[in-house]
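Asker: Below are the structure tokens for one structure; questions will follow.
Just so it is clear, none of the values below were taken in a lab; they were calculated from the coordinates. Keep in mind that what you see is a predicted model, and the values were worked out from it rather than measured. For neighbour counting, all protein chains shown are included, and Cβ atoms are generated from backbone atoms with ideal geometry for every residue, glycine included.
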Amino acid sequence: MEYCSNCGEKLASEAKFCGSCVTKVMKDEKKVETKEEVNKEKTIETTTQQPKGSKKKIGMIVGAVLVLALIGFGLKASGMFTPKMEKYAGVYMKKRSGSMPGDHTESYNEVPLDSVEDESYIELTEDGVYKKGFIQRFNDTRELYAKRLGVTDYAIDGNEIKRNRSLNPDEIKEYVRLYLDSDGKRIANKSRYEKYMNAGSEYVEEKNDNYGRYELYDITNWYIKENENDLADHMEYDFINEDGELVSINYYSDEDKTSISIYNKE
């Protein structure tokens, strides 16, 4: 059995993310056998002394790093430097969106956009994790009752953000937070969340965040069933434009419709 090196929770076989803390599982990460070994290994890392001869090796490594840094600086100055994930890392809040009949993937500027306040966001992390979430509120009272979060990985090609669109449960995670009232009861009525429960969603834990107390459920099974027939009919293209905005273009061939969303970096 493998455990997360960050929080110590059990990892599913071949999982790319920890189901508890959503930390990315690196391929070359050392496997630990028990939760206690996580803390033990962290202690060892901070207390182990350098072996004899290590100073010479460290000097050689430092010299090599400096050479590589100078090379990288030269490439950057010449315009040949490939954009790094840290350049685009951050939280992008959805500010404008719109849709239009037809395929406008090559002429997306023709799609009329309106301002939105639905609190949807995309977060790109420096280690290649792509998070997409949105907050659900009642239309009349604006009271928060749930928050959805999808997690996968991504790659950068120029200014294009290539999200992993696989439906393999080991490569993606989908969660929902169902918020509770002061009596510990779910704020949402059953009709708003029973679709998740009927699809075999798993209870994870009860926690607090800046919105309040909530129950966390893993709804990956529901998400896969909802989207397993849509991939062939759905084209997605995300990129960072010249203004630093994240532009998400989605074309649905079965509906012959193009939807555009613009996210601003916080």
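Asker: Checking the table 24/225; 225/257; 132/225; 87/257; 24/207; 94/173 against a 26 Å threshold on Cα-Cα, which pairs fail? Walk me through the numbers before you get to the answer.
Answerer: Numbers: 24/225 24 Å; 225/257 22 Å; 132/225 18 Å; 87/257 32 Å; 24/207 21 Å; 94/173 21 Å.
Checking Cα-Cα distances, 87/257 exceed 26 Å.
Asker: Then there's this: For the range 85-265, report the translational diffusion coefficient in µm²/s to the nearest whole number, using Stokes-Einstein at 10 °C, 1.306 mPa s, and a Kirkwood Rh over Cα pairs.
Answerer: Details: Rh = 17.7 Å.
For the chosen part, D equals 90 µm²/s.
Asker: Would you order 144, 11 from fewest to most other beta-carbon atoms within 10 Å of each residue's own beta-carbon? Can you show the working numbers first?
Answerer: Working: 144 18, 11 22.
The fewest-first ordering by Cβ neighbours comes to 144, 11.
Asker: Across the range 93-110, in residue order, what do the Karplus-derived ³J(HN,Hα) couplings come to in whole Hz, using 6.51 cos²θ - 1.76 cosθ + 1.60 with θ = phi - 60° and x for Gly and Pro?
Answerer: 9, 6, 10, 9, 7, x, 9, 7, x, x, 8, 10, 5, 8, 9, 5, 5, 7
Asker: Dividing the alpha-carbon radius of gyration of the range 213-266 by 2.2 N^0.38 Å (N being the number of residues), what value is obtained? List each step's numbers first, then the result.
Answerer: On the way: Rg = 15.1 Å, N = 54, 2.2 N^0.38 = 10.0 Å.
That ratio works out to 1.50.
Asker: Let me ask you something else. On full extension of the chain, what length is gained from residue 209 through residue 96, given 0.36 nm per residue of separation minus the C-alpha to C-alpha distance?
Answerer: Details: separation 113, 0.36 × 113 = 40.68 nm, distance 2.67 nm.
My answer for the length gained is 38.0 nm.
Asker: How long is the gain from residue 235 to residue 7 if the chain were fully straight, where each residue apart is worth 0.36 nm and the alpha carbon distance is subtracted?
Answerer: Length difference between fully extended and current span is 78.5 nm.
Asker: Let me ask something additional. Full extension from residue 190 to residue 266: what is 0.36 nm times the residue separation minus their Cα-Cα distance, to one decimal in nm? All intermediate terms of the calculation are to be shown ahead of the outcome.
Answerer: Details: separation 76, 0.36 × 76 = 27.36 nm, distance 3.40 nm.
Contour length minus Cα-Cα distance gives 24.0 nm.
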